[in-house]
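Have a look at the structure below before the remarks.
The values are calculated or read from the model by the stated rules, or taken from the named source; none is laboratory data. All of these numbers come straight from a predicted model, not from anything done at the bench. Ideal geometry is used to build each Cβ from the backbone, glycine not excepted, and the neighbour counts take in all protein chains shown.
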């Protein structure tokens, strides 16, 4: 199918408005990266101190900490997504370093593989060529089905399945590296999508069978970076407050991060009236209060319609883009939900009701 129709900023914004919206700050993206890690340190460290003070206080605080840390892990993935668009820093090397090492590696992602994958998603949003179509095509679904998905996320089943797949690919890549094996199949026949199993947020996902040794080697390097970051988090944890901060970080990565990631994916495209000829229908924007911004919608990711309309706008300028669109009368053309609860009600209505 043809690529989806793109919005024309010059028909919507003045030259001054567009220049301000697309200006990439030299410090804002780096500050957000630091903010993400500081929030992780604050929450995991504070919870560890509560455990040391009294086991009951630690027990009560831990579920809250898991949700907050899972939200910051999503936040780090969001910032890698920013780097994939070249929006984390105006200097390309700094942008790519921050996107690869300071954000993406924390959740097991490869910036460069994700960039190619994600730009395809933008080009063919909700079309048959969209690599993310499977994340939204299954909706609406039943409440029972949604409940099973959430249970799998919160019990670590999703994490183990995804990491198992990614580590299996990495093992094949490591074997190829050690043996010096090279690809023998023609490049046109290689399955490059299998190289790094990523979902749309850059987090590890279930990939196709690997037939591309170079892709498997990339996954090996991705897993190596992921394990190195986990080791650094462990060492910092042990050097300060003991094992507890690391355990909270790892538990969140295996549980709440997976659930938060799923809800965020659903909110962005599921049950939207997407059409290739209408750029205003490609995604959903969801209003978020402070609690949602701390968990499901860090770093303005809830402004997803604005992001698809103008993917050159940094995340910290998306609220202003939203304000301008509403002021110029474009609100009725957009899909805007009042809350994430509203989105979940929309996507879990009985399938039979759609007939």
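Against the definition (modelled with pLDDT of 95 or more, within 23 Å of residue 84 (Cβ to Cβ) and surrounded by fewer than 21 Cβ atoms within 10 Å (Cβ to Cβ)), how does residue 299 come out, yes or no?
On the way: modelled with pLDDT of 95 or more: yes; within 23 Å of residue 84 (Cβ to Cβ): yes; surrounded by fewer than 21 Cβ atoms within 10 Å (Cβ to Cβ): no.
Judged against the criteria, residue 299 is not a match.
The helices (runs of 4 or more DSSP H) found entirely in segment 231-331 that carry 1 or more residues being farther than 30 Å from residue 162 by Cα and touching a helix residue (DSSP H, G or I) at 6+ places or on another chain (Cβ under 9 Å) are 304-309, 318-327. If you go through segment 2-27 and keep only what is farther than 13 Å from residue 312 by Cα and free of Cβ contacts under 8 Å to residues at least 40 places away in the same chain, you end up with 10, 11, 14, 15, 16, 27. Close contacts from segment 144-169, counting a first residue that is on the phi > 0 side of the Ramachandran plot and modelled with pLDDT under 95 and a second that is assigned to a helix (DSSP H, G or I) and exposed (fewer than 15 other Cβ atoms within 10 Å of the Cβ), with Cβ to Cβ under 9 Å and a gap of 6+ residues or different chains, come to none at all.
The set of residues in segment 142-153 that are closer than 27 Å to residue 106 by Cβ and either touching a strand residue (DSSP E or B) at 6+ places or on another chain (Cβ under 7 Å) or surrounded by 17 or more Cβ atoms within 10 Å (Cβ to Cβ) (or both) comprises 149, 152, 153. Does residue 77 meet the test of being under 20 Å from residue 24 (Cα atoms) and in a helix (DSSP H, G or I)? Considered against the rule, which asks whether it is under 20 Å from residue 24 (Cα atoms) and in a helix (DSSP H, G or I), residue 77 comes out as yes. Summed over segment 85-110, residues that are buried (at least 24 other Cβ atoms within 10 Å of the Cβ) and under 14 Å from the mean Cα position of the chain (by Cα) total 8. Scanning segment 22-37 for residues that are in contact with a helix residue (DSSP H, G or I) (Cβ under 9 Å, 6 or more places away or on another chain) and either assigned to a helix (DSSP H, G or I) or buried (at least 17 other Cβ atoms within 10 Å of the Cβ) (or both) yields a total of 10. Taking the criterion of being in a helix (DSSP H, G or I) and either on the phi > 0 side of the Ramachandran plot or surrounded by 15 or more Cβ atoms within 10 Å (Cβ to Cβ) (or both), the residues of segment 117-141 that qualify are 117, 118, 120, 121, 122, 133, 135, 136. What about residue 66, is it without any contact (Cβ under 8 Å) to a residue 12 or more places away in the chain and either within 21 Å of residue 318 (Cβ to Cβ) or outside any loop (DSSP other than H, G, I, E, B) (or both)? No; evaluated as a whole, the condition is false for this residue.
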